[in-house]
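A.B. asks: Can you read through this structure? Questions will come right after.
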């Protein structure tokens with residue numbers, strides 16, 4: 001699942017949640033799966049091609065994934081193989097999408113070396129849809145696929161102007177805040193999730209003020225938030241326009257919402273309210289294990305990271321409160337390259353993995369919130385609990401958040417802009433740069449990468 005950073009060809013996101021995670025409706029008895037990776041992690045080229053069969057005479061379907069998608073952990077591969085004894089499933093996983101996506105683009109461009117199924121992050125789906133659709137199977141024509149089973153805006157994100165749908169949505173990322181009840185209590189803050197949510201309701205400025213209150217009495221060695229990158233991403237996840245406008249023009253430097261989010265995050269970092277780590281890196285993992293921060297921007301898939309990187313004694317210490325404003329961070333699609341060795345069987349598997357029943361199971365195991373509304377009424381979602389967050393009704397919390405997500409304009413190079421603001425921008429404030437210097441470095445890096 002995923003260090004979710006994104007580029008796309010311009011598309012609009014509707015406010016509800018895809019997998020109701022990247023806006024969520026949640027599943028029963030969540031025992032979030034382990035670890036960041038779902039198989040053999042490799043930041044290299046991600047493997048090559050697919051095998052049409054094995055020594056047992058079975059057809060092997062290969063998947064190229066990034067982060068922890070959770071299909072294996074949720075037992076979905078094993079279930080599908082049992083239903084289809086002539087099929088064997090193998091996955092290759094790259095931890096960070098920043099490493100995975102460039103290799104995928106290269107392979108799509110050359111139309112070679114592709115897995116039977118390739119995951120595409122929401123931030124990249126518009127670009128892939130606009131520039132690579134001719135290399136990918138139109139999944140709307142696959143037996144059993146019905147567009148009405150997905151959130152309408154999620155379906156449209158992977159659909160070309162002429163109606164070809166090149167990806168089936170797995171999940172969405174409705175925004176919440178996960179927090180440590182024990183650390184909040186030590187700092188004199190309320191711990192009840194409803195009371196916590198009211199502290200910052202309606203305003204990220206209020207959220208940062210709560211961070212200042214926490215920091216005054218913070219347990220030694222802890223910060224309010226895990227990282228500046230997580231904060232700015234959460235703030236921007238609720239903006240209708242952020243990096244591009246509806247006409248497709250790059251507006252990130254002139255958009256007040258982006259600069260305001262950057263300035264607020266930089267101020268929080270400058271005041272020592274955030275850790276000094278980049279999310280999804282080994283040093284950041286350690287801060288989770290050692291309980292070094294009290295809160296984190298938390299779409300449903302973040303629960304998988306918390307589970308995978310925490311020590312056993314952290315179970316039950318976390319809770320989930322509403323975010324200051326609704327937003328969507330994340331969401332993935334499964335695409336089937338035409339040049340794969342088993343495109344027909346791969347398309348069947350992609351359709352099965354993204355059906356409401358499987359999305360509900362995935363949420364129950366990994367915290368990936370369904371993009372199929374039909375999953376929201378299933379017990380895996382309605383009764384969902386998570387061992388890290390105790391009795392918190394996470395399904396209900398994320399479902400409510402999902403209903404409020406605003407429609408967003410997504411651009412083809414959103415990932416470049418987002419990563420520039422985080423990894424080349426606000427993080428620098430924790431290293432001694434002024435907010436102005438960090439903004440200058442971020443915009444210079446982004447413009448260079450955008451060839452502006």
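The values are calculated or read from the model by the stated rules, or taken from the named source; none is laboratory data. Here the structure is a predicted model, which is why all the values come from computation and not from measurement. Cβ: placed from backbone, ideal geometry, glycine included. Neighbour counts: every protein chain shown.
A.B. asks: What is the residue count in the range 400-409 for residues that are in a loop (DSSP other than H, G, I, E, B) and under 19 Å from residue 363 (Cβ atoms)? Spell out the reasoning first.
C.D. replies: So the first thing to find is which residues in the range 400-409 are in a loop (DSSP other than H, G, I, E, B), and the list is 403-407.
Now restrict to residues that are under 19 Å from residue 363 (Cβ atoms): 403-405.
Qualifying residue count for the region: 3.
A.B. asks: Same structure again: Could we say that residue 269 is modelled with pLDDT of 95 or more, surrounded by fewer than 20 Cβ atoms within 10 Å (Cβ to Cβ) and closer than 15 Å to residue 423 by Cβ here?
C.D. replies: Working: modelled with pLDDT of 95 or more: yes; surrounded by fewer than 20 Cβ atoms within 10 Å (Cβ to Cβ): no; closer than 15 Å to residue 423 by Cβ: yes.
Answer is no for this residue.
A.B. asks: Continuing with this model, one more query. Search the range 280-298 for residues being part of a loop (DSSP other than H, G, I, E, B) and at pLDDT 95 or above, and hand back the single one that is surrounded by the most Cβ atoms within 10 Å (Cβ to Cβ). Let's see the steps before the verdict.
C.D. replies: Taking the range 280-298 and keeping what is part of a loop (DSSP other than H, G, I, E, B), we get 280-281, 290-292, 298.
Those left that are additionally at pLDDT 95 or above: 290-292, 298.
Working: 290: 14, 291: 18, 292: 17, 298: 29.
Among those that are part of a loop (DSSP other than H, G, I, E, B) and at pLDDT 95 or above, it is 298.
A.B. asks: Another one. Out of (1) part of a helix (DSSP H, G or I); (2) under 25 Å from residue 67 (Cα atoms); (3) in contact with a helix residue (DSSP H, G or I) (Cβ under 9 Å, 6 or more places away or on another chain), the odd one out for residue 412 is which?
C.D. replies: (1)
A.B. asks: Next question, about the same structure. In the range 243-252, how many residues are under 24 Å from the mean Cα position of the chain (by Cα), within 22 Å of residue 451 (Cβ to Cβ) and either at pLDDT below 95 or outside any strand (DSSP E or B) (or both)? Even if it seems obvious, please write down each step before you answer.
C.D. replies: If we filter the range 243-252 for residues that are under 24 Å from the mean Cα position of the chain (by Cα), which is where we start, we get 243-246, 248, 250-252.
Those left that are additionally within 22 Å of residue 451 (Cβ to Cβ): 243-245, 248, 250-252.
Pick out the ones that are also either at pLDDT below 95 or outside any strand (DSSP E or B) (or both) and you get 243-245, 248, 251-252.
So the count comes out to 6.
A.B. asks: Let me ask another. For the range 300-357, which positions are more than 17 Å from residue 168 (Cα to Cα) and part of a helix (DSSP H, G or I)?
C.D. replies: Within the range 300-357, 302, 303, 304, 305, 306, 307, 308, 309, 312, 313, 314 meet the criteria.
A.B. asks: Which residues, taken from the range 253-270, are under 18 Å from residue 428 (Cβ atoms) and outside any loop (DSSP other than H, G, I, E, B)?
C.D. replies: So in the range 253-270, the residues under 18 Å from residue 428 (Cβ atoms) come out as 253, 258-259, 261-270.
Those that are under 18 Å from residue 428 (Cβ atoms) and outside any loop (DSSP other than H, G, I, E, B): 258, 259, 261, 262, 263, 264, 265, 266, 267, 268, 269, 270.
A.B. asks: Here's another thing I want to ask about it. Please count how many residues of the range 362-399 are more than 18 Å from residue 308 (Cα to Cα) and in a helix (DSSP H, G or I).
C.D. replies: Summing the residues that are more than 18 Å from residue 308 (Cα to Cα) and in a helix (DSSP H, G or I) in the range 362-399 gives 14.
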